[in-house]
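S.K.: Let me give you the structure first, and then I'll get to my questions.
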Amino acid sequence: GIVVYGDASGNSMQTTGSSDYQTIREFFRAHSNTAVELRVPSANPPVRSRVNLMNAKLRPASGEIQLSVHERCKELIKDFEQVAYKEDSNQIDKERDRSRTHLSDALGYLVWRECGPERKIGEKTNRIL
């Protein structure tokens, strides 16, 4: 089967009356017998937490690299080298270069889903200032 990762906003209804993820399921239902599993959060993780997790996988303090990117993934590598936060904020600067952030965001959602912190149902998180 196919596993699809993404952010929670893909569940939003579009003007066509279906969500992005419904469109993906319908496409595969119409064009193949391949099952589609969606691994999408009900809410997006905090941006800073997702970025910190990605950085920890790419270059952890222990020195033991847990995620490597093939050299042919040139656009993803450019994202890692060029994407930055807006000055004095926790918001990623998506305005500086509109071709940036898409790939690193996508990989970040996959890594968050597979490697991020798991919480028990009903468990609350504490805000850290």
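S.K.: Hydrophobic (A, V, I, L, M, F, W, C) and in contact (Cβ under 8 Å) with a residue 12 or more places away in the chain: which single residue out of Ile65, Ile2 fits that description? First the steps, then the outcome.
M.R.: Values: Ile65 fails: in contact (Cβ under 8 Å) with a residue 12 or more places away in the chain.
Only one candidate passes the filter, namely Ile2.
S.K.: Take Asp79 and tell me if it is among the acidic types (Asp, Glu), in contact (Cβ under 8 Å) with a residue 12 or more places away in the chain, over 17 Å from Ala8 (Cα atoms) and touching a helix residue (DSSP H, G or I) at 6+ places or on another chain (Cβ under 7 Å). Spell out the reasoning first.
M.R.: Numbers: among the acidic types (Asp, Glu): yes; in contact (Cβ under 8 Å) with a residue 12 or more places away in the chain: yes; over 17 Å from Ala8 (Cα atoms): yes; touching a helix residue (DSSP H, G or I) at 6+ places or on another chain (Cβ under 7 Å): yes.
In short, yes.
S.K.: Could you count how many residues in the range 21-57 are closer than 26 Å to Pro117 by Cα, open to solvent by 50 Å² or more (accessible area, probe 1.4 Å) and of a type in the set (D, E, K, R)?
M.R.: 3
S.K.: Related question: Just to be sure, is Gly63 outside any helix (DSSP H, G or I) and either open to solvent by 40 Å² or more (accessible area, probe 1.4 Å) or touching a strand residue (DSSP E or B) at 6+ places or on another chain (Cβ under 8 Å) (or both)?
M.R.: On the way: outside any helix (DSSP H, G or I): yes; either open to solvent by 40 Å² or more (accessible area, probe 1.4 Å) or touching a strand residue (DSSP E or B) at 6+ places or on another chain (Cβ under 8 Å) (or both): yes.
It is true that Gly63 is outside any helix (DSSP H, G or I) and either open to solvent by 40 Å² or more (accessible area, probe 1.4 Å) or touching a strand residue (DSSP E or B) at 6+ places or on another chain (Cβ under 8 Å) (or both).
S.K.: Given the options Val3, Val69, name the one that is outside any helix (DSSP H, G or I), over 16 Å from Asp105 (Cα atoms), modelled with pLDDT of 90 or more and β-branched (Val, Ile, Thr).
M.R.: Details: Val69 fails: over 16 Å from Asp105 (Cα atoms).
Answer to the check: Val3.
The values are calculated or read from the model by the stated rules, or taken from the named source; none is laboratory data. Keep in mind the model is a prediction, meaning the values are calculated, not measured. In this analysis, Cβ positions are derived from the backbone assuming ideal geometry, glycine residues included, and neighbour counts consider all displayed protein chains. SASA here: full protein model, heavy atoms, side chains in, ligands and nucleic acids out. Shrake-Rupley method; radii C 1.70, N 1.55, O 1.52, S 1.80 Å.
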